[in-house]
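A short worksheet on the structure shown next.
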Amino acid sequence: MAMTIPSVRFGILGAARIAPAALLRPATASPEASVEVVAARDCERAGIYARRHHIPRVADSYEAVVSDPDIDAVYIPLPNSLHAEWTLAALAAGKHVLCEKPFTSNAAEATTVAAAAGRAGEESGLVVVEAFHYRYHPLARRMCEIVDSGELGPIRHIETWLSAPIPNKSDIRYQHRLAGGAMMDMGCYVVNMARMLGGEQPTVLSASARLQSPDVDRAMHAELQFPSGHTASVHCSLWSTSVLHLSARVIGDGGELRVFNPIAPQFVSWLTVRSGGTRRTEIPARRPTYAYQLDAFCDAVLRGRPALTTPDDAVANMTVIDAVYRAANMRPRGA
């Protein structure tokens, strides 16, 4: 059930570094979205953030944002360990939710949130979306089209990589109590992309981690198996010998697809297909992934159109992430 509101008014929980790219700039360019209020643990910091990014109001707490009658949706870019708590709070307050990935700390939390989102969707038409922004870009759709078309023949193997250096070891991504780790941060992308391209829910055959501390992975590699027999290798790191690696590869009996930077094609990206003795390269649109994501979110809220990255899909993704940790002899986050 779509909401009868002219545009989506957002509140932000946390003065997060990702919010300007993920929401603030796309909202400025959209006639169907606006950011009205922000809250942070430090009110002074929230005020500085609001002035810098031209946000009209500052709330004195996260609770004040989710209960604000003048906002329709809550954007949650908080540390991973807080995603479930504040998504549930926003739903209880009757707000739509755009929650950063990973959706929760683990699959059990994701299941709880998905159940609440399902009830809220049925009763009040509330929309909950996990912010896998790359999924909404035409490049992701094109990748799936090529795989599904049969041009590559039966799919045999998929490889997904996301490695980017995070040298500051005090970063929240290295903190176990905040549900940090390479598999939670970079890895949620590579698992999601492998699932998208594989077309099925995989099981985890094996995994190996490089550790920053006894409970926190700075890099992870895992081997996956799909029910139809094809396999996938997923690789991610916050700090390893693979300093910067952003790519996807699909190998079929009749050809191969390679994509450079499928996560943020607005910067630089290309797609190459080899099949039938030919090779071609396609260059994706440069419009930001986040703009497409905001369009889709507003479509879901205002017109009831389905989103791609649903809570149920988040449960499936977190299930694989938990299994990767267990295969690497580590505990899932929050467990």
(message) Please verify whether ARG52 is modelled with pLDDT under 95 and either part of a loop (DSSP other than H, G, I, E, B) or under 26 Å from HIS133 (Cα atoms) (or both), treating the condition exactly as stated.
(response) no
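Pick out, from the range 206-298, the strands (runs of 3 or more DSSP E) lying fully within it that include 3 or more residues that are touching a Lys or Arg at 6+ places or on another chain (Cβ under 8 Å) and at negative phi.
Numbers: elements: 216-225, 231-237, 245-252, 255-260, 270-275, 278-282.
Once the strands (runs of 3 or more DSSP E) in the range 206-298 are filtered for at least 3 residues that are touching a Lys or Arg at 6+ places or on another chain (Cβ under 8 Å) and at negative phi, what remains is 216-225, 245-252, 255-260, 270-275.
Report whether or not THR278 is more than 16 Å from the chain's Cα centre (by Cα), in the same structural domain as ALA194 (by TED's automatic domain parsing) and either of a type in the set (A, V, I, L, M, F, W, C) or surrounded by 14 or more Cβ atoms within 10 Å (Cβ to Cβ) (or both).
Details: more than 16 Å from the chain's Cα centre (by Cα): yes; in the same structural domain as ALA194 (by TED's automatic domain parsing): yes; either of a type in the set (A, V, I, L, M, F, W, C) or surrounded by 14 or more Cβ atoms within 10 Å (Cβ to Cβ) (or both): no.
So THR278 does not fit the description; no.
From the list ALA115, ALA131, ALA92, exactly one residue is over 23 Å from ARG41 (Cα atoms) and at pLDDT 95 or above. Which is it? Explain how you work it out, then say what you get.
Working: ALA131 fails: over 23 Å from ARG41 (Cα atoms); ALA92 fails: over 23 Å from ARG41 (Cα atoms).
ALA115 is the lone residue from the list that is over 23 Å from ARG41 (Cα atoms) and at pLDDT 95 or above.
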(message) Give all pairs with beta carbons closer than 6 Å in which a residue from the range 244-261 that is within 17 Å of GLY277 (Cα to Cα) meets a residue that is buried (at least 17 other Cβ atoms within 10 Å of the Cβ) and β-branched (Val, Ile, Thr); count only pairs at least 6 apart in sequence or on separate chains.
(response) VAL250/VAL147; VAL250/ILE158; GLY252/ILE155; LEU257/ILE146; LEU257/VAL250; LEU257/VAL273
(message) Given the criterion among the aliphatic types (A, V, I, L, M), surrounded by 14 or more Cβ atoms within 10 Å (Cβ to Cβ) and over 29 Å from GLN266 (Cα atoms), identify the matching residue among ALA21, ALA64.
(response) ALA64
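The values are calculated or read from the model by the stated rules, or taken from the named source; none is laboratory data. Everything quoted here is computed from the prediction, not taken from an experiment. As a convention, Cβ positions derive from the backbone with ideal geometry for all residues, glycine included, and neighbour counts pool all protein chains shown.
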